[in-house]
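Comments concern the structure below.
The values are calculated or read from the model by the stated rules, or taken from the named source; none is laboratory data. Remember, it's a predicted structure, so these values are computed and weren't measured experimentally. Cβ: placed from backbone, ideal geometry, glycine included. Neighbour counts: every protein chain shown.
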Amino acid sequence: MNTIEALRQENLKPEITPFAIGDTVQVDVRIVEGGKERIQAFTGTVIARTGSGIAETVTLRRISHGQGVERIIPIHSPRIAGFKRIREGSVRRAKLYYLRGEVGNAARVKEKRLH
Amino acid sequence: MKKGLIGKKLGMTHIYTETGVMVPVTAIEVGPCPVIALKTQAKDGYCAVQLGFGVRKAKNVSKAVLGNLAPAGLQATPPAIIREVRLDADPEYKVGDKLGADLFAANEFVDVTGRTKGRGFAGVVRRWNFGGGRGSHGGAWERRTGSIGMCSAPGKVEKRRKMPGQMGNVNRTVQSLQVMQVRAEQNLLLVKGAIPGPTGGLVMVRSAVKK
């Protein structure tokens, strides 16, 4: 393995909770407040996953107080404590940007039903 | 004190700082750079250090150059590249020393010189970001230069007018790049941001002029 590949891989997290597009995921973000560190959770629907290796990010969308909020989370950042898969979604595309234009029930992703 | 090294661009990646901030970095393999000769104010009229980098076959090197390498003991393994780095005082190194990444420290600022990627003969849209014309409605003016000046009043085209021509393949220096990490055992410098040239390109890393 050459040097630059080794550099790209050295800060990768060994294990990432598997989740897919359309899933509802809770991400624990480490926040430093007044010298103290605490963990803040953000729950949202995975609408996009881009990049590879150390640059991989995931876009989470949720409706907060009637307002659409999106957060782009760098998966391998040391500030991200972990992911929790809350609900599996059933979707047919890789990018759910269409959710931005929808309201109410249409803005929801159907839950995956396992038979 | 000024200092400098010869290096090779390895490519770009990201790193995270302790606070979790993602920083884009370029990895540069600097050295080992053997000191071949020293230039002093008294003897040469200027202060510099002559450095080597890489290795090539001795049979491909002229005897004049091999003679120059003799004091450093590099006749069997002549460096592929020999460059001088200007210093602001007489060099403190000795001939035969090997300089590496530990010459620089983290958070220091450096200037990086390299040869940019050649783009060949480029038009004004690519070379100077001209807007160009519209693609439809029957016009023939799409990517052309347009007017290059006035009429008989100046009677000539102003100097440095932006026109088509060779783009890239010139030496460029990017100033004041922060050194994020130094890895002495791999002779690796990680500097913040981009540097000129392709991956594998030769670069000079010098102390920043403006910091």
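A few remarks follow.
- Each residue in the stretch B:98-117 was checked for being under 14 Å from the mean Cα position of the chain (by Cα) and of a type outside the set (Lys, Arg), and 6 of them qualify.
- Qualifying position, being within 11 Å of another protein chain (Cβ to nearest Cβ), in contact with a strand residue (DSSP E or B) (Cβ under 7 Å, 6 or more places away or on another chain) and surrounded by fewer than 14 Cβ atoms within 10 Å (Cβ to Cβ), among A:54, A:31: A:31
- Count of the stretch A:21-40 residues which are hydrophobic (A, V, I, L, M, F, W, C) and either within 30 Å of residue B:182 (Cα to Cα) or at pLDDT below 90 (or both): 3
- Meets criteria (within 14 Å of another protein chain (Cβ to nearest Cβ) and of a type in the set (Asp, Glu)) for residue B:108: no
- Residues of the stretch A:7-18 classified as surrounded by fewer than 20 Cβ atoms within 10 Å (Cβ to Cβ) and either within 14 Å of another protein chain (Cβ to nearest Cβ) or in contact (Cβ under 8 Å) with a residue 60 or more places away in the chain (or both), total: 8
- Of the residues making up the stretch B:41-70, those that are over 24 Å from residue B:88 (Cβ atoms) and free of Cβ contacts under 8 Å to residues at least 24 places away in the same chain are B:57, B:58, B:59, B:60, B:61, B:62, B:63, B:64, B:65, B:66, B:67, B:70.
- Filter pass, residue B:40 being at pLDDT below 90 and either out of contact with any Leu (no Cβ under 7 Å at 6 or more places or on another chain) or loosely packed, with under 15 Cβ neighbours inside 10 Å (or both): no
- Matching residues, the stretch A:56-115, being of a type in the set (Phe, Trp, Tyr) and within 14 Å of residue A:41 (Cα to Cα): A:83
- Close pairs from the stretch B:9-24: first within 7 Å of chain A (Cβ to nearest Cβ) and under 14 Å from residue A:3 (Cβ atoms), partner assigned to a strand (DSSP E or B) and of a type in the set (Gly, Ala, Ser), Cβ under 9 Å, at least 6 apart: B:10/B:27; B:11/B:27; B:13/B:27
- Residue list for the stretch A:95-111, filter: touching a residue at least 24 places away in the same chain (Cβ under 8 Å), in contact with a helix residue (DSSP H, G or I) (Cβ under 9 Å, 6 or more places away or on another chain) and of a type outside the set (A, V, I, L, M, F, W, C): A:100
- Checked against the criterion of being in a loop (DSSP other than H, G, I, E, B) and in contact (Cβ under 8 Å) with a residue 24 or more places away in the chain, the candidates B:74, B:38 yield just one match: B:74.
- Of residues in the stretch B:165-182 being buried (at least 17 other Cβ atoms within 10 Å of the Cβ) and not polar (S, T, N, Q), the one farthest from residue B:128 (Cα to Cα): B:182
- Output for the stretch B:25-43, where each listed residue is within 14 Å of chain A (Cβ to nearest Cβ) and either among the acidic types (Asp, Glu) or farther than 15 Å from residue B:178 by Cα (or both): B:29, B:30, B:31
- Residue match in the stretch B:99-118 (condition: of a type in the set (S, T, N, Q), without any contact (Cβ under 8 Å) to a residue 40 or more places away in the chain and under 25 Å from residue B:169 (Cα atoms)): no
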